[in-house]
1. So in the range 61-76, with the set limited to residues that are part of a helix (DSSP H, G or I) and among the small types (Gly, Ala, Ser), which one is nearest to the chain's Cα centre (by Cα)?
2. Within the range 2-20, can one find any residue that is aromatic (Phe, Trp, Tyr), under 13 Å from the mean Cα position of the chain (by Cα) and at pLDDT 95 or above?
3. Which residue, of 46, 52, is assigned to a loop (DSSP other than H, G, I, E, B), crowded, with 23+ Cβ neighbours inside 10 Å and out of contact with any Pro (no Cβ under 6 Å at 6 or more places or on another chain)?
4. Looking only at the range 60-76, count every residue that is small (Gly, Ala, Ser) and buried (at least 16 other Cβ atoms within 10 Å of the Cβ) and tell me the total.
5. Mind listing whichever residues of the range 74-117 are out of contact with any strand residue (DSSP E or B) (no Cβ under 6 Å at 6 or more places or on another chain), closer than 20 Å to residue 26 by Cα and among the aliphatic types (A, V, I, L, M)?
6. Identify, from the list 80, 93, 66, the residue that is of a type in the set (Val, Ile, Thr), modelled with pLDDT under 95 and over 25 Å from residue 119 (Cα atoms).
7. Which is within 26 Å of residue 37 (Cβ to Cβ) and within 14 Å of the chain's Cα centre (by Cα), of 122, 141, 113?
8. For residue 164, indicate whether it is touching an Asp or Glu at 6+ places or on another chain (Cβ under 7 Å) and within 28 Å of residue 62 (Cα to Cα).
Amino acid sequence: MKNQKIKPVIRTGLGYDLHQLVENRKLILGGIEVPYHLGLKGHSDADVVIHALIDALLGAAGFDDIGTHFPDNDPNFKDIDSMILLNKTMLLISEKGFAPTNADITIIAEQPKLKDYKPLIKHNLAEALSLPPEAVAVKAKTNETMDSVGQSKAIVALAAVGLACTDE
């Protein structure tokens with residue numbers, strides 16, 4: 001049975017992203033603009049939530065990371081809306097015979113406070129993943145003033161996803 005191709009019924013993936021907070025940028029998290037005097041620095045819109053989610057989806061499907069598929073030195077992706085990249089990722093995993101079953105997102109930011117934006121982010125992600133809202137969790141944490149995130153110099157996102165095989 002060496003090298004037998006087995007497609008498990010469920011696969012899991014984990015994603016991580018971090019971007020520095022800077023002036024003169026919009027703060028986009030989970031495809032939602034969050035009012036704040038700083039935004040995330042990056043080649044695209046620097047949406048750490050979507051980037052972590054994309055990496056989790058790609059990993060669960062057995063693909064390489066986001067930088068391989070959407071390189072930060074490609075002018076086609078300069079200032080691109082990360083939701084477009086998520087849609088492209090959904091197409092990739094669909095073509096490989098997978099569909100998301102759930103997503104669990106943790107955003108780590110000292111500022112801004114995200115309590116009022118979590119429901120909007122959850123709804124936006126559920127829609128993008130074609131999942132019911134109860135299959136998507138969005139949590140916000142702080143780093144208790146420790147390190148660059150705790151000093152409001154950066155924001156981190158973690159994502160875990162489940163994929164189900166859509167092929168019989």
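1. The initial filter retains those residues of the range 61-76 that are part of a helix (DSSP H, G or I), namely 61, 66-69, 75-76.
Add one more test, that the residue is among the small types (Gly, Ala, Ser), and what stays is 61, 67.
Values: 61: 15, 67: 13 Å.
My answer is 67.
2. Step one: list which residues in the range 2-20 are aromatic (Phe, Trp, Tyr), which gives 16.
Within this subset, residues satisfying the condition of being under 13 Å from the mean Cα position of the chain (by Cα) are 16.
Going one step further and asking which of them are at pLDDT 95 or above, we end up with 16.
The answer is yes, given that some residue of the range 2-20 is aromatic (Phe, Trp, Tyr), under 13 Å from the mean Cα position of the chain (by Cα) and at pLDDT 95 or above.
3. Working: 52 fails: assigned to a loop (DSSP other than H, G, I, E, B).
Only one candidate passes the filter, namely 46.
4. Step one: of the range 60-76, the residues small (Gly, Ala, Ser) are 60-62, 67.
Okay, now just the ones that are also buried (at least 16 other Cβ atoms within 10 Å of the Cβ), so 60-61.
Residues that pass the stated criteria total 2.
5. Within the range 74-117, 80, 83, 84, 85, 86 meet the criteria.
6. Details: 80 fails: over 25 Å from residue 119 (Cα atoms); 93 fails: modelled with pLDDT under 95.
Answer to the check: 66.
7. Numbers: 141 fails: within 14 Å of the chain's Cα centre (by Cα); 113 fails: within 14 Å of the chain's Cα centre (by Cα).
Exactly one of 122, 141, 113 is within 26 Å of residue 37 (Cβ to Cβ) and within 14 Å of the chain's Cα centre (by Cα), namely 122.
8. Here the answer is no, as residue 164 does not meet what is asked.
The values are calculated or read from the model by the stated rules, or taken from the named source; none is laboratory data. Only a predicted model underlies this, so the values are computations on that prediction, with no experimental measurement involved. Backbone-built Cβ (ideal geometry, glycine too); neighbour counts: all protein chains shown.
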